[in-house]
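Q: Starting off with a structure, shown below.
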Amino acid sequence: MISWMQKHNKYLVWTIWVATVAFIGAGFVGWGSYNFGSKAGSVAKVGDIEIKQTKLNMVYSNLYNQYNQAMQGQLDEKTAQEMGLVKQAFARLATQAKILNFAKDMGIIVSDAEVAQKLQEIRAFQKDGVFVKEIYEGYLKSQKLRANAFEETLREELILEKTFSLLAVDTLPLEEEAISAAMNVSDKLAYKVLTNDDLNFVTDEAKVKAYWEMQKENFLTPQMYELSILWTQSKDTPVTDDELKAHYDANSFNYTDGTGKQLPFEEAKVLVTKDLKIKKTKKTAQKAYIAFKKGSLDNSEKISLPMGDDQLTEEVWSALKEKSVGDILKPKVVGDAYATVKIENIVLPKVKTYEEAKKEVTVLYENQAKKEALLALAETTLEHFDQNDAIISDFVKLEDNVNLNPLNTQESLQFLQKLFTSSKEKGIISVFDKVIVYNILEQKLLPMDDNQTALVKETANKLKQSTFESNLIKMLDKQYPTEVYMGGLTN
């Protein structure tokens, strides 16, 4: 799922905008918030349009949530950084800005009445199907957004929708015939599936050590923090049912199930109780922070943690990175408590010795060496391919739900996707941890089923629209140049 999202993101021009309605409907609670600095500034200018830091943070958070849901809640900031989510978010906004520039030049506008209508249609701001201003204002307050900024985002979405509706192009009969032919090509294959079990691989420690020597600067001990943490617990903070109901009514859009559907009060009560207790404990935590800073209170926990340790939150670690020895952070929420953190000492990373790094180096070396050995074996197998020693398939098509033994459904699909986009009669295709050596024995064009007509038309329309949009963006790249004010947003 993640690889598909990354591969196809750049082609999905229809998804480039912030998608505010879906953003709210998913119960955004600030996951994946990225620190870009001052909220007032801009990070770039595209044509005549400034890209604000607040907008970039909003799109980044939305994108983070999408990937986090696809990864079943396992995404963290480090992984998000490795995946380049900030760059993806900026690319979306830059593309959006180019189209908005184009729409402006073409005279495409959206009225205040249209924005108001769109706002009132957002279900997260409704009660019993009716827009409630207090819920809307509560959302803005919780996300620290101004109404004019939020409504300007809605206006931009509507402008984009209008622009693309005017640029929509249907396929021609000849184009549908070409797509139909491609979708109905069927191949009969002879193939062999190679895995690491087919290798006679023995780890050579001398090569492992040489591998470490070449890149030992990449194997570092973690940066360690010696901390004093003053905890202010919220579990004993009293709350009444009336307070809980009032808190829920003002923040109901934050309480959703896995599908994004808003939870009723009784089902959300445990979460509401936790949030309200945290909120009411804030003043107590601030008083404890002042006493801790003055030295009149010190029942803190002494602890040594590596940078990013999950005993503290991403927010705490982000703040610690900007501080020095002796600094004290203001109280921050960690679980059901507030943590007031003082940095006692910072132990900087150093290059690990071979023995310290040996375990992780060996894994990396073996993965690389086995991959190279498996490809070498595949080259030899292809050169001396014997179909009498291979698996012979039936005629297969791309859209068929085929399991090519011993591949599973997902592996089979990925193999066929690569096969049907290749022009080679025989070759090598890598799929996850396997390599398939294949030879196309026979190919034929099957007649189109009546039920495929709608699918063919839809596929042809998407392909044509994608090609049109891609060429449009290339044109707009030249017409509306991008000026970036801060680093780390582009490759």
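The values are calculated or read from the model by the stated rules, or taken from the named source; none is laboratory data. All of these numbers come straight from a predicted model, not from anything done at the bench. All Cβ positions, glycine included, derive from the backbone under ideal geometry; neighbour counts span all protein chains shown. Heads up: the accessible areas ignore ligands, DNA and RNA and are worked out on the full protein's heavy atoms, side chains in. Shrake-Rupley method; radii C 1.70, N 1.55, O 1.52, S 1.80 Å.
Q: If we scan the stretch 310-318, do we find a residue that is open to solvent by less than 50 Å² (accessible area, probe 1.4 Å), part of a helix (DSSP H, G or I) and either in contact with a Lys or Arg (Cβ under 8 Å, 6 or more places away or on another chain) or not aromatic (Phe, Trp, Tyr) (or both)? Before you say what the answer is, go through the steps one by one.
A: Keep residues of the stretch 310-318 that are open to solvent by less than 50 Å² (accessible area, probe 1.4 Å), which gives 312-313, 316-318.
Okay, now just the ones that are also part of a helix (DSSP H, G or I), so 316-318.
Of the ones still in play, those that are also either in contact with a Lys or Arg (Cβ under 8 Å, 6 or more places away or on another chain) or not aromatic (Phe, Trp, Tyr) (or both) are 316, 318.
Yes, the stretch 310-318 contains at least one residue that is open to solvent by less than 50 Å² (accessible area, probe 1.4 Å), part of a helix (DSSP H, G or I) and either in contact with a Lys or Arg (Cβ under 8 Å, 6 or more places away or on another chain) or not aromatic (Phe, Trp, Tyr) (or both).
Q: Can you tell me which residue within the stretch 43-65, out of those that are basic (Lys, Arg) and more than 25 Å from THR79 (Cβ to Cβ), is surrounded by the fewest Cβ atoms within 10 Å (Cβ to Cβ)?
A: The qualifying residue surrounded by the fewest Cβ atoms within 10 Å (Cβ to Cβ) is LYS45.
Q: Answer yes if at least one residue in the stretch 127-143 is without any contact (Cβ under 8 Å) to a residue 60 or more places away in the chain, of a type in the set (A, V, I, L, M) and part of a helix (DSSP H, G or I), and no otherwise. First the steps, then the outcome.
A: Initial filter on the stretch 127-143 (without any contact (Cβ under 8 Å) to a residue 60 or more places away in the chain): 127-133, 136-137, 140-141.
From what is left, the residues that are of a type in the set (A, V, I, L, M) are 130, 132, 140.
With part of a helix (DSSP H, G or I) added as a condition, the list becomes 140.
Yes.
Q: Restricting attention to helices (runs of 4 or more DSSP H) lying wholly within the stretch 1-88, give those where 1 or more residues are hydroxyl-bearing (Ser, Thr, Tyr) and modelled with pLDDT of 50 or more.
A: Where helices (runs of 4 or more DSSP H) fall fully within the stretch 1-88 and carry at least 1 residues being hydroxyl-bearing (Ser, Thr, Tyr) and modelled with pLDDT of 50 or more, they are 20-25, 53-70, 77-83.
Q: Something else now. Looking only at the stretch 279-302, decide whether some residue is of a type outside the set (A, V, I, L, M, F, W, C), over 30 Å from ALA250 (Cα atoms) and in contact with a Pro (Cβ under 8 Å, 6 or more places away or on another chain). If you could, list the steps in order and put the result at the bottom.
A: Just the residues of the stretch 279-302 that are of a type outside the set (A, V, I, L, M, F, W, C), to begin with: 279-284, 286-287, 289, 293-296, 298-302.
Narrowing further to those that are over 30 Å from ALA250 (Cα atoms): 293-296, 298-302.
Filter once more, keeping what is in contact with a Pro (Cβ under 8 Å, 6 or more places away or on another chain): none.
No.
Q: Write out, first by first residue and then by second, each pair whose Cβ atoms fall under 9 Å of each other, whose residues are 6+ apart or on separate chains, and whose first residue, in the stretch 214-242, is within 17 Å of GLN286 (Cβ to Cβ) and open to solvent by 70 Å² or more (accessible area, probe 1.4 Å) while the second is hydroxyl-bearing (Ser, Thr, Tyr) and assigned to a strand (DSSP E or B).
A: TRP231/TYR338; TRP231/THR340; GLN233/TYR338
Q: Scanning the stretch 321-330 for residues that are of a type in the set (Lys, Arg) and under 17 Å from LEU230 (Cβ atoms), which turns out least open to solvent (accessible area, probe 1.4 Å)?
A: Applying the filter and picking the extreme gives LYS323.
Q: In the list VAL363, VAL333, VAL347, VAL396, which residue meets the criterion of being farther than 17 Å from GLU226 by Cα, in contact (Cβ under 8 Å) with a residue 24 or more places away in the chain and open to solvent by 50 Å² or more (accessible area, probe 1.4 Å)?
A: Going through VAL363, VAL333, VAL347, VAL396 in turn, the sole match is VAL333.
Q: Only residues in the stretch 463-481 that are over 10 Å from PHE102 (Cβ atoms) count as the first member; pair them with residues that are open to solvent by 90 Å² or more (accessible area, probe 1.4 Å) and assigned to a helix (DSSP H, G or I), Cβ under 9 angstrom, at least 6 apart or cross-chain, and list the lot.
A: Listed pairs, sorted by first residue: GLN465/TRP14; SER466/TYR11; GLU469/TYR11; GLU469/TRP14; SER470/LYS10; SER470/TYR11.
Q: Report yes if some residue within the stretch 440-454 is of a type in the set (A, V, I, L, M, F, W, C), in a helix (DSSP H, G or I), out of contact with any strand residue (DSSP E or B) (no Cβ under 9 Å at 6 or more places or on another chain) and modelled with pLDDT under 75; otherwise report no. Break it down stepwise before answering.
A: At the first step, the residues of the stretch 440-454 found to be of a type in the set (A, V, I, L, M, F, W, C) are 440-441, 445-446, 448, 454.
This time we only want the ones that are in a helix (DSSP H, G or I), so: 454.
Filter again for out of contact with any strand residue (DSSP E or B) (no Cβ under 9 Å at 6 or more places or on another chain), leaving 454.
Add one more test, that the residue is modelled with pLDDT under 75, and what stays is 454.
Yes, because at least one residue in the stretch 440-454 is of a type in the set (A, V, I, L, M, F, W, C), in a helix (DSSP H, G or I), out of contact with any strand residue (DSSP E or B) (no Cβ under 9 Å at 6 or more places or on another chain) and modelled with pLDDT under 75.
Q: Oh, and also: Tell me which residues, restricted to the stretch 243-285, are of a type in the set (Gly, Ala, Ser) and either without any contact (Cβ under 8 Å) to a residue 24 or more places away in the chain or open to solvent by 70 Å² or more (accessible area, probe 1.4 Å) (or both).
A: ALA246, GLY258, ALA268
Q: Considering the stretch 114-146 alone, what residues qualify as being β-branched (Val, Ile, Thr) and either over 24 Å from GLU161 (Cα atoms) or at pLDDT below 85 (or both)?
A: Hits for the stretch 114-146 are VAL130, VAL132, ILE135.
Q: Would you confirm whether or not the stretch 288-311 contains a residue that is charged (D, E, K, R) and under 29 Å from the mean Cα position of the chain (by Cα)?
A: Yes: the stretch 288-311 contains one or more residues that are charged (D, E, K, R) and under 29 Å from the mean Cα position of the chain (by Cα).
Rundown of residues vs (1) surrounded by fewer than 20 Cβ atoms within 10 Å (Cβ to Cβ); (2) within 25 Å of the chain's Cα centre (by Cα); (3) closer than 30 Å to HIS247 by Cβ, yes/no style:
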| site | (1), (2), (3) |
| --- | --- |
| THR79 | yes, yes, no |
| VAL86 | no, yes, no |
| LYS98 | no, yes, no |
| MET106 | yes, no, no |
| ALA147 | yes, no, yes |
| LEU160 | no, yes, no |
| ALA168 | yes, no, no |
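Q: Moving on to the next point. Please go through the stretch 119-145 and pick out each residue that is of a type outside the set (Val, Ile, Thr) and open to solvent by 70 Å² or more (accessible area, probe 1.4 Å).
A: GLN120, GLU121, ARG123, LYS127, ASP128, LYS133, GLU134, GLU137, LYS141, LYS144
Q: Looking at (1) modelled with pLDDT under 85; (2) open to solvent by 60 Å² or more (accessible area, probe 1.4 Å), which is the only condition LYS464 fails?
A: Result: LYS464 fails condition (2) only.
Q: Further, regarding this structure: Give the residue, chosen from ALA149, ALA116, ALA124, that is among the aliphatic types (A, V, I, L, M) and closer than 22 Å to TYR485 by Cβ. Break it down stepwise before answering.
A: On the way: ALA116 fails: closer than 22 Å to TYR485 by Cβ; ALA124 fails: closer than 22 Å to TYR485 by Cβ.
Unique residue meeting the criteria: ALA149.
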